[in-house]
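Single-structure report; data block below.
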Amino acid sequence: MACITEQDFKIAERIEKEGKGCLIVVNKWDTIPNKNQQSAVYYEQDVREKLRILQWAPIVYATAISGHSVDRVIVAASEVEKERSRRLSTATLNQVVQEALAFKSPPRTRGGKRGRIYYCTQAAIRPPTFVFFVNEANLFPETYRRYMEKQLRKDAGFPGTPIRLLWRNRRKMGKMDGAGDSGLCIFFHNIVMTRYDVKTLGSDLEDMRDYFRSGKTKDWEWRNAQLKGLLSFLKQNEAQIFQALKDDLGKPQVEAYRDEIGTLVKSVRFAVKGLKGWMSSNGAKMPKVALLTSGEVVPEPLGLVLIISSWNFPFGVSLEPLIGAIAAGNTMVLKPSELAPACASVLANVLPTYLDKKAVRIIQGGPEVGEKLLQQKWDKIFFTGSVRVGKLVMAAAVEHLTPVALELGGKCPAVLDSLAPWPMKVAINRILVSKFGTCGGQACIAVDYVLVEKRLASSLVELMKVLVKDMFGEKPRESNSLTRIISKQHFSRLKSLLNDPEVKASVVHGGSMDEEHLYIEPTIIVDPPLNSQIMTEEVFGPLLPIITLEKIEDSINFINARPKPLALYAFTKNQSFSKRILSETSSGSVVFNDANIQYCADTLPFGGVGESGMGSYHGKYSFDTFSHYKAILRRSYLTDFWYRFPPWNYRKLLLFEATYHFDYITLLLVILGLKRSRYRC
Amino acid sequence: MATTIEEKEVTVFGEEEAKQLVNELRVAYDSGRTRSYSWRVAQLKNILRMCDDSEKEVVEALHKDLAKPELESTLYERDNTGGRQLANIGVLYLMKWGDAVVGSALQLGMIKNACKVALKELKNWIRPEKAKTSLTTFPSSAEIVSEPFGVILIISAWNYPFLLSIDPVIGAIAAGNAVLLKPSELAPASSSLLAKLFAQYLDTCSIKVVEGAVSETSALLEQKWDKIMYTGNGRVGRIVMAAAAKHLTPVIMELGGKCPVVVDSDINLQVAVRRLIAGKWGCNNGQACISPDYILTTKDYAPKLVDALKTELEKFYGKNQLESKDLSRIVNSNHFARLSKLLEDEKVSGKIVYGGERDKDKLRIAPTILLDVLRDSLIMNEEIFGPLLPILTLNNIDESFNVINSGTKPLAAYIFTNNKKLKEKFVMSVSAGGIVINDTTIHMAVHTVPFGGVGESGMGSYHGKFSFDAFSHKKAVVYRSFTGDAALRYPPYTGFKLRMMKALMGGSFLAILRALFGGSKS
């Protein structure tokens, strides 16, 4: 039965090294004579012995020639693939790590020093990669690392895929706003992972439904108090919010204030001010024939709503919809993104102390918690994130026919017409701050690429280089004004965008990267191939492609040939061109001569169309998103048309017809018997 | 009829064909013709003309479709949740009075009315809405532009094939979209008439009709649409939404529900009962999604209410109600069986206080009233969709709110009362698509209020301007000039910029001054 060859071993090594998933298929199983239960056990022992490196790979016995068990191979392979792309929530992961630590602590060195694990997070999938933030990586010997891997596998599985454990030193914190401090510095003591037990989810949600039924959340007083609570949260915890944003994203304070705290404070105030007016009903005009009837449209809360937010504006895109859900009088669950753990922790641990805990619940967790949440029944789901997950959210909403609002992204173009020197400078500044100065381009409304006429391209690039330097200095790496990339996974995505040889050749500015600190320099690329990834997927990072066109009017066709973006920016003084852009293209919003500012306008609906999402929010639109507009008609007992009631005849039919047409003269004529029915009686 | 069906089956409509059709529509839409005001007006006027010209044909088609028992039996074999198929009836009071004339007149009447409203208001609807701008974005101006979504799919129901097809089409056209209509295959004559009329009267490049059944519908659903509107039942609604999720297409769903009526004791009983009867039995014999499903009233008042109902029913429909030609029959035998089962449920035995007569051959059930029905009986756990009216009795009228709110959200809820407090409480605490006080079903005919469900009864609403909005994307547009640029927006970021920004966004001029002159603490 000896069958594992040197060749097999080599392949196994290679598999492990490359991080590929693996499934061991034992073929020609039918040729084994007199096989019984034991033979499989013996054989497995042999394989495991010889391929120790692939301990984790499942074994399937099959006979290809007769097709026996071949289907099981497919099933097992897809299982392996699933495991390879599985993601553990930071909460679960740290639970496992804590248990492992409690069972066996890292060895002490001669000097009495002991390794400490602060925090662990899954940085990537395919293969699952876990980063351990520790005091000193060299305090963890190979044996302990293997122990940790074993524990992880024991508790969290991952059969069929290698897993990677990376051990990282935690750096000392720099100055608060100090230039160049590590993007990876995390205030570990701040992060409290409240592990949510999904088992109690059902009953928790039922409690929230009961609370909603009690009608408490419908009162103006309650809504007002919650909004005020939100305001106090924002004001009293400013420093903590700044810090959390710094920890997760390295977000500069000005950006944090401009895009998150400041905008939120403004939005809450707007809601507080508008609340009474929003809550009141609107009268509806009635036709004259509906005598003594009054109509109105009354907004009512939907009930229990779910808000799933993203990591790029962890407070902004969590609380902006929350304001609407509160203002509309709902009970709600918010799931902040697990990729911004410090911010999620502030939201989960600090925010609830300012709000009615029976009506607002914040649940931390990764995709598996999100999945559990999506299986529940909601009255509305509000999702901010990617197109891929957006589709999953909508598919999950089908079961209970739940309405959804999806805030997705898209490649937002900036059309740059030829301008006089000074407006040109203003325009470029506005483009640059949208691209590099808004969460490092990791914003759904950030400029994705620039469209410009060929003849202007070279002067544009030169001007851009100068202005980028004005903003971020000679060494942007050391600037305190640049947000870092959120995660390793996103970093490698951006890296691969840039590593396309043809794209690389078109870089005209920047392009340097620092993987350890997740930093990418503001990068300008001129005319990358249109079929390269950077021009087919949302960039979502500090890479700015410039596409040159013969004539700026061609931009309309260029934009229309692609999915509808969330925003379109056009810098032009040409009125007729503006008109054409407005009427011939489709996008969530259009801004002329600026970028991003539509986000902070309370009077405008913010939302996408087509691929960039559905439903809108901000200001009163947030309130509307979480409200059902109920039609109300009130009748008095005094007037009634006899022809409403059976027994029917053609005269009544004619009267109906006249009523529906609001044809009062015919009505009168028929009543007086002066007009005959067109229908044969 | 049979031959045309066979012919249709010969020409296969698969995914390729669907794809091509959508492409054609997209080309037409991209050409920009549907966006022009004149195109929209011309199409709406053509619909008006179409309704005027084709009255006779509509009558014939309805007669063919609705008077054929063999059609109706096959139809429910395919769809066992048939009750909901009947959902969303657009016509009040006078449905199916044994004669298609009435149905056609009323459907066409409502369609024409919707057209006229759209034509009259279209200019106002299209006009961009100005929006205020704030200090943060100063100087700027902003507006909200209604732009068409693009290519719309409308799947309508068979029971009121003309109204439920053309009414949404009017909204889609008014908003400037290209439209594909899929009328129900279960009303083949109406379906082919719609196809014929649309081809004859409307712009065939931008407005198309596809006839067909499940396979055609699935082929259509595979395509990418910019919005889908579906009228029908929750089961198919889920299939439609699942297909829409693949392309992230927004959907409007018009579904059904169990509509309650609360009857208080301080009312003008005769008027209330007449209105109740008009909504229940005068509305296609209860086979309408907005017709009252059950009554909630107090124990003391129930006998009076039952007596009044009996008296008025006899006035309207005579002694022999099983034979009354003013009552519609049950739509088919499956449906008849379902309703019979509701009546035969052990839990309601002895509860029937009026009616209950059935005639299986003629598919007729007389108006039936059941008193003191328990909440766990069969009849209270599904949409009745027929001439049975259970009355639930309560000790106190306030208990009715709990009963209603413990079920799924209905498409409509009705209350008869003169008690102001109770009215307000009803409006505030009962969640339903629409609410009518002291009447039933009339909100359907008022185009100034939105018509649509909530929760299980649907999502999205239409009628009047709401139809226009349903098929428009509200695009936010901001106009900025190059002046008025504040350096504080741009990096490098400093403490001063932060203070200044806080002051500006806070909107306090004092704080701005403090920040400017350095009086503020960091």
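Values quoted throughout were computed directly from the atomic coordinates according to the rules given, and no laboratory measurement underlies them. Predicted, not measured: the structure shown is a model, and the values here were computed from it. For neighbour counting, all protein chains shown are included, and Cβ atoms are generated from backbone atoms with ideal geometry for every residue, glycine included.
Direction-averaged projected area, Cα convex hull, the range A:212-264: 4.6 nm², rounded to one decimal. Overall size of the range A:6-84 from C-alpha positions, given as principal axis extents largest first: 38, 25, 20 Å.
Report the semi-axes of the equivalent ellipsoid for the protein assembly as shown in whole Å, largest first, where each axis is √(5λ) for an eigenvalue λ of the Cα gyration tensor.
On the way: eigenvalues 639, 279, 196 Å².
Listed largest to smallest, the semi-axes of the protein assembly as shown are 57, 37, 31 Å.
With both bridge residues required to lie in chain A, what share of the DSSP beta bridges run antiparallel, to the nearest 5%?
Values: 27 of 71 bridges.
Just about 40 percent of them are antiparallel.
Considering only beta bridges that DSSP places wholly inside the protein assembly as shown, some 35 percent are antiparallel. Each residue of the range A:210-218 is assigned a 3J(HN,Hα), and the resulting list reads 4, 4, 4, 4, 5, x, 4, 6, 7 Hz, derived from the Karplus form 6.51 cos²θ - 1.76 cosθ + 1.60 (θ = phi - 60°), x at Gly and Pro. Remark: relative contact order (the range A:6-84) = 41 percent; criterion is Cα-Cα distance under 8 angstrom and separation of 6 or more residues. Taking 1 over the mean of 1/r across every pair of different Cα atoms in the range A:388-479, what Kirkwood radius in Å do you get? Over the range A:388-479, the inverse of the mean reciprocal pair distance is 15.7 Å. Evaluate the relative contact order of the range B:231-299 (contact order divided by residue number), counting alpha-carbon pairs under 8 angstrom at least 6 apart; express in whole percent. Contact order relative to length: 36 percent. Extending 7 Å from the Cα toward the beta-carbon at both A:GLU399 and B:LEU322 defines two label points whose distance is 4.7 nm.
First measure r as the distance between the Cβ atoms of B:ASP266 and B:GLU55, then evaluate 1/(1 + (r/R0)^6) with R0 = 45 Å and state the FRET efficiency to the nearest 0.05.
Values: r = 45 Å, r/R0 = 1.01.
E between B:ASP266 and B:GLU55, to the nearest 0.05, is 0.50.
For the range A:221-240 versus the range B:401-469, the inter-centroid distance based on Cα atoms is 34 Å. Dividing the Cα radius of gyration of the range A:318-459 by 2.2 N^0.38 Å, with N the residue count, gives 1.37. Applying 1/(1 + (r/R0)^6) with R0 = 41 Å to the Cβ-Cβ distance of B:ASN405 and B:LYS196 gives a FRET efficiency near 0.30. Kirkwood hydrodynamic radius of chain A, from the reciprocal of the average inverse Cα-Cα distance over all distinct pairs: 29.1 Å. If only the Cβ of Lys and Arg carry +1 and only the Cβ of Asp and Glu carry -1, the dipole of the range A:6-84 around its Cα centre is close to 40 debye.
Relative contact order for chain A: 12 percent, from Cα pairs under 8 Å spaced at least 6 residues apart, divided by residue count.
Cross-linked pairs A:LYS630/B:LYS465; A:LYS380/B:LYS130; A:LYS425/A:LYS579; B:LYS56/B:LYS182; B:LYS196/B:LYS280; B:LYS19/B:LYS475: Cα-Cα separations exceed 25 Å for A:LYS380/B:LYS130; B:LYS196/B:LYS280; B:LYS19/B:LYS475. Fully extending the segment from A:ASP219 to A:GLN55, taken as 0.36 nm per residue of separation minus the present Cα-Cα distance, adds 53.0 nm. Since only A:SER310, A:THR572, A:ASN593 are under comparison, the one whose Cα sits farthest along the positive direction of the charge dipole of chain A, derived from C-beta charges on Lys, Arg, Asp and Glu, is A:SER310. Looking at the range A:418-553 alone, DSSP beta bridges between its own residues are antiparallel in about 35 percent of cases.
Along Cα→Cβ, 7 Å out, is where each label goes; now give me the distance between the ones at A:SER294 and B:LYS341 in nm to one decimal. About 4.6 nm, to one decimal. Please report the base-10 log of the normalised intensity I(q)/I(0) for the range B:311-445, using a Debye sum with one equal scatterer per alpha carbon and no solvent, at each q in 0.09, 0.15, 0.20, 0.22 (1/Å). Cα-only, vacuum Debye calculation for the range B:311-445: -0.32, -0.88, -1.32, -1.39. From least to most packed, judged by other beta carbons within 10 angstrom and beginning with the fewest, B:SER333, A:SER232 follow the order A:SER232, B:SER333. Of B:THR440, B:THR408, the sequence from fewest to most neighbouring Cβ atoms within 10 angstrom is B:THR408, B:THR440. Between B:GLU121 and B:ALA42, the C-beta separation translates, for a Förster distance of 25 Å, into a calculated FRET efficiency of about 0.90.
Neighbour counts of C-beta atoms inside 10 Å place A:GLU474, B:GLU211 in the sequence A:GLU474, B:GLU211, starting with the fewest.
Calculated mean residue ellipticity at 222 nm for the protein assembly as shown: -13000 deg cm²/dmol, from DSSP H runs with n ≥ 4 weighted as -39500 (n - 2.57), summed, divided by the residue count and rounded to 500. Once both labels are positioned 7 Å from their Cα atoms along Cα-to-Cβ, the gap between A:GLN38 and A:LEU101 label points is 4.8 nm.
Given 10 °C and 1.306 mPa s, compute D for the range A:412-607 with the Stokes-Einstein relation, Rh being the Kirkwood radius over Cα pairs; round to the nearest whole µm²/s.
Working: Rh = 16.8 Å.
Answer, rounded: 94 µm²/s.
The length gained on full extension between A:GLU368 and A:GLU238, counted as 0.36 nm times the residue separation minus their Cα-Cα distance, comes to 43.7 nm.
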